[in-house]
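Chemist: After the structure tokens below, expect a handful of questions from me.
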Amino acid sequence: MALTYLPPYTPELQPAETLWVHLDEPLVNRHFETLADLDAAVAAQCVALSTQPDRIRRQTNFHWWPNTSRN
């Protein structure tokens, strides 16, 4: 594992930031009675996204991101 330090206030450099749009999809324009209901909806969307690795990879596999993997 190698740490890559990023400048502050640069969400475009954080690959996970691009995933918010997919997490928010089923939550937009909905009212949740309780925080537990919201939490359950977010958890369900996380589970759904975990079954779509290609979709996540397309959003986070930036050509300019440093490749720190060691073979």
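The values are calculated or read from the model by the stated rules, or taken from the named source; none is laboratory data. In this text the structure is predicted, and so the values were computed from the model without any measurement. Using ideal geometry, Cβ is built from the backbone for each residue, glycine included, and neighbour counts are taken over all protein chains shown. Side chains are part of the model used for accessible areas, which takes the heavy atoms of the whole protein and leaves out ligands, DNA and RNA. Shrake-Rupley method; radii C 1.70, N 1.55, O 1.52, S 1.80 Å.
Chemist: 7 Å from Cα along Cα→Cβ at both Met1 and Arg57: what's the point-to-point distance in nm?
Modeler: Using points 7 Å along Cα→Cβ, the separation is 2.3 nm.
Chemist: Given N residues in segment 14-68, what is its alpha carbon radius of gyration divided by 2.2 N^0.38 Å?
Modeler: 1.35
Chemist: If each of Thr34 and Ala48 carries a label point 7 Å out from its Cα toward its Cβ, how far apart are those two points in nm?
Modeler: So the label points at Thr34 and Ala48 sit 2.2 nm apart.
Chemist: Please work out how much accessible surface Arg55 shows to a 1.4 Å probe, ignoring ligands, DNA and RNA, in Å² rounded to 10.
Modeler: 60 Å²
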